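Colleague: My questions will all concern the structure given below.
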Amino acid sequence: MGVRENLQQVQERINAAAARAGRDPAQIKIIAVTKQVQVPEIKEVVDAGIVDLGENRVREMTGKMTELPPEVRWHMIGHLQTNKVKYIMGRVELIHSLDRWNLAEEIDRRAGKLGVKMPVLVQVNTSGEKSKFGLSSGELPDFLAALADLPNVAVKGLMTIAPYVDNPEEVRPFFRELRLLAQKFNLKHLSMGMTNDFEVAVEEGADMLRLGTVLFGSRIY
Ligand SMILES: *Cc1c(COP(=O)(O)O)cnc(C)c1O
């Protein structure tokens, strides 16, 4: 099946999940995750109306930037090395993966140089899985308080990556936790939900879904 058909089916599933939760599906954004996807295939999804694309590696992202139309909005969704911040500053819509203080400082410094205020999401490891990046819920309050003193960083919300499980119901508590944290700190955006669990994420309040496999087919990440 082609990318366009996949997108149509995904949209129907999002609509159904939103309806179950009494939410407006228009408030839920699909970010097409294009890592290891070639440009012609990415263009199909852009032609089908997706303008938000996510990548987890800086070099892959910047390589593709020049080959795709300028209306594309790029999202950095993966663990970001401090020494790579300079390559994306001023070129990405949102950094989803702010997960440590020295990265925040570097983003602030680089954004300041360019005279921009960089929108970010703070990554929270709500499942506590050892292999995942992100702050613990307990670390979040102090981290957010410290971020408030960085003039060139704008915190827009929270992001989490749920563990991969066979039954997505099992990750519902981790999405719910993220929503409650965002509410508590008055943050608007929730980036959560991937191919395996996006319907549960929608039911729990996600407004940015990061979708790769369900759109483009499976890759070896
Ligand atoms: C790869 C990736 C995704 C997309 O995963 P799928 O399961 O293929 O939808 C989402 N978020 C992050 C951070 C990723 O690295």
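The values are calculated or read from the model by the stated rules, or taken from the named source; none is laboratory data. Source: prediction; values computed, not measured. Cβ atoms come from the backbone with ideal geometry, glycine included; neighbour counts cover every protein chain shown. We work out accessible area using only protein heavy atoms, side chains counted, and drop any ligands, DNA or RNA first. Shrake-Rupley method; radii C 1.70, N 1.55, O 1.52, S 1.80 Å.
Colleague: Cβ contacts < 9 Å: first residue within 12 Å of residue 203 (Cβ to Cβ), restricted to the range 2-22; second residue surrounded by fewer than 13 Cβ atoms within 10 Å (Cβ to Cβ) and of a type outside the set (A, V, I, L, M, F, W, C), any location; separation 6+ or different chain. Result?
Modeller: Taking only residues 6 or more apart or on different chains, the pairs are 18/24; 18/27.
Colleague: Hey, another quick one. Exactly one of (1) closer than 17 Å to residue 96 by Cα; (2) within 11 Å of the ligand (Cβ to nearest atom) is unmet by residue 143. Its number?
Modeller: Unmet condition: (2).
Colleague: Scan the range 137-169 for residues that are outside any helix (DSSP H, G or I), closer than 26 Å to residue 198 by Cβ and not hydrophobic (A, V, I, L, M, F, W, C) and jot them down.
Modeller: Result: 156, 157, 160, 163, 164, 166, 167.
Colleague: I'm trying to understand the selection: among the residues of the range 152-167, which are surrounded by fewer than 20 Cβ atoms within 10 Å (Cβ to Cβ) and either farther than 22 Å from residue 184 by Cα or within 16 Å of the ligand (Cβ to nearest atom) (or both)?
Modeller: Within the range 152-167, 152, 163, 164, 165, 166, 167 meet the criteria.
Colleague: Show me the strands (runs of 3 or more DSSP E) entirely contained within the range 15-108 in which 2 or more residues are among the aliphatic types (A, V, I, L, M) and open to solvent by less than 60 Å² (accessible area, probe 1.4 Å).
Modeller: Because the criterion is at least 2 residues that are among the aliphatic types (A, V, I, L, M) and open to solvent by less than 60 Å² (accessible area, probe 1.4 Å), the strands (runs of 3 or more DSSP E) in the range 15-108 that meet it are 29-33, 94-98.
Colleague: Another question, if that's okay. Can you tell me which residue is nearest to residue 106 (Cα to Cα) among those in the range 128-151 that are open to solvent by 30 Å² or more (accessible area, probe 1.4 Å) and in contact (Cβ under 8 Å) with a residue 40 or more places away in the chain?
Modeller: Among those residues, the one meeting the criterion is 151.
Colleague: Could you list, in sequence order, the residues of the range 109-124 that are over 13 Å from the mean Cα position of the chain (by Cα) and either of a type outside the set (A, V, I, L, M) or outside any loop (DSSP other than H, G, I, E, B) (or both)?
Modeller: The answer is 109, 110, 111, 112, 113, 114, 115, 117, 118.
Colleague: Among 68, 53, which is the only one that is more than 18 Å from the chain's Cα centre (by Cα) and farther than 21 Å from residue 150 by Cβ?
Modeller: The conditions single out 68.
Colleague: Considering every residue within the range 118-126, establish whether at least one is open to solvent by 30 Å² or more (accessible area, probe 1.4 Å) and out of contact with any Asp or Glu (no Cβ under 9 Å at 6 or more places or on another chain).
Modeller: Within the range 118-126 (the criterion being open to solvent by 30 Å² or more (accessible area, probe 1.4 Å) and out of contact with any Asp or Glu (no Cβ under 9 Å at 6 or more places or on another chain)), the answer is no, since none of the residues qualifies.
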